[in-house]
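Report on the structure given below.
Please treat every number below as a calculation from the coordinates, not as lab data. Fair warning: this is a prediction, and the values are worked out from it, not measured in the lab. Glycine gets a Cβ as well: all are built from the backbone with ideal geometry, and neighbour counts include every protein chain shown.
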């Protein structure tokens, strides 16, 4: 069983990257011990950066991308302007509610209620809120400007477990 | 954050975001009998929490045929990770913490179709404390500046991801040159690191498994 709880806020920025972002400031690796530890740290840092990208960025984008695909296949941007938005049934059970809470900012509020789907022999149950700033008045935008999973009081939770529990996983 | 996808399942294009919050992963696993390796009937929650209070991240993925390049960078900010191992009948609960702060810290992982090789690079400044997770016996954080002179190529013969057969990395002023000999893990495959520390000397290390736990790592340990 694999279960991530999220309270993430990702805000896209449009800064241009220029110039040196760091200056020397480290104690030089001037002993064998410290230099060896430095190389080790480089290997760790490589892995940690990929972990950060996967946990914070890729996973969030994938969740919202799938939700937008689900919404775009079933409804329209205009329909989400209704006070209660639109509630869709999920493939196995549960629902996904979506509404535009602020048209000016194109704020899309999502609420999963134990939305269950099966993919790659894994049963995925999504529960909790999310908020997305769309880049255009469309459920098929080319990009989004921000993603927030969870809110101040609730987590966004994905509960993923194999369809056929075994002795090693799936308790 | 663009939504364009490529067939390998990656988002294309560059992103630049400020990230805040946490991801807590819980894996429910059995305990294992040390003598037989058999899993227990009961399952236990192993928790890992990644958190940041405002990190500036950028990255990109590009693909060219079967070749591809993944870039990920922490331009500024700090990430922390906490591992909590649950209490089990034969093991106590444990909590391990590690953190790192990046300043222009970036990595690249490329796959070159022509050579059928992955390569990685790491550049920028890191300050971090990994002492609890990697038993280095050190106290407090370390700060290093990395510059990859030649990408570190991954050996296709190793079971281990970070087993390098080429490349050159500068750590502050020290230079590490990677190579490997042999083609069969646990038979003749050996990774070599030549470490030149200006004003101190040149040191050689060989490893045959995971670089982080080999003799090379031992050299970096603060206490035996």
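Taking chain B as a Gaussian network of alpha-carbon nodes connected by springs under 10 Å, the highest mean-square fluctuation of the residues B:193, B:175, B:23 belongs to B:23. Multiplying the residue separation of residue B:184 and residue B:83 by 0.36 nm and subtracting their alpha-carbon distance yields 33.0 nm. Over all orientations, segment B:68-142 has a Cα convex hull whose mean projected area works out to 7.5 square nanometres. For the pair segment A:134-150 / segment A:54-115, the C-alpha centres are spaced 10 Å from each other.
Considering only B:55, B:114, B:19, the Gaussian network model of chain B with Cα springs below 10 Å gives its largest mean-square fluctuation to B:114.
This ranking places B:99, A:112 by how few other beta-carbon atoms lie within 10 Å of each, fewest first, which gives B:99, A:112. Of B:135, B:156, B:198, the residue with the greatest mean-square motion in the GNM of chain B, using alpha carbon springs below 10 Å, is B:198.
Counting Cβ atoms of other protein chains within 10 Å of each Cβ in B:10-21 and taking the mean gives 6. Once the mean of 1/r is taken over each pair of separate Cα atoms and inverted, segment A:114-153 shows a Kirkwood hydrodynamic radius of 12.3 Å.
The slack between residue A:72 and residue A:102, meaning 0.36 nm per residue of separation minus the straight C-alpha distance, is 8.9 nm. Going by neighbour counts of Cβ atoms within 10 Å, the residues B:78, B:91 line up, fewest first, as B:91, B:78. Scoring B:124-132, B:215-223 by mean Cβ neighbours within 10 Å over their residues and listing the highest first yields B:124-132, B:215-223.
Centre-to-centre separation between the Cα atoms of segment B:178-224 and those of segment B:58-86: 26 Å.
The packing ranking of peptides A:125-133, B:26-34, highest mean first, is A:125-133, B:26-34, where packing means the average number of other beta carbon atoms within 10 angstrom of each residue. Kindly provide the Kirkwood hydrodynamic radius of the protein assembly as shown in Å, to one decimal, from all pairs of distinct alpha carbon atoms. That comes to 23.0 Å for the protein assembly as shown.
Fewest-first ordering of A:156, A:114 by other beta carbons within 10 Å of each residue's beta carbon gives A:114, A:156. Annotation: chain B has a Kirkwood hydrodynamic radius of 20.1 angstrom, from the mean reciprocal C-alpha pair distance.
Shielding value for B:168-176 is 6, the average number of Cβ atoms from other chains within 10 Å of each residue's Cβ.
Taking 10 °C and 1.306 mPa s as conditions, segment B:171-224 diffuses translationally at an estimated 131 µm²/s according to Stokes-Einstein applied to its Kirkwood radius (Cα pairs). The mean number of partner chain beta-carbon atoms within 10 angstrom of a residue's beta-carbon across peptide B:197-210 is 2. Set the Cα radius of gyration of segment B:98-215 against 2.2 N^0.38 Å, with N its number of residues, and you get 1.10.
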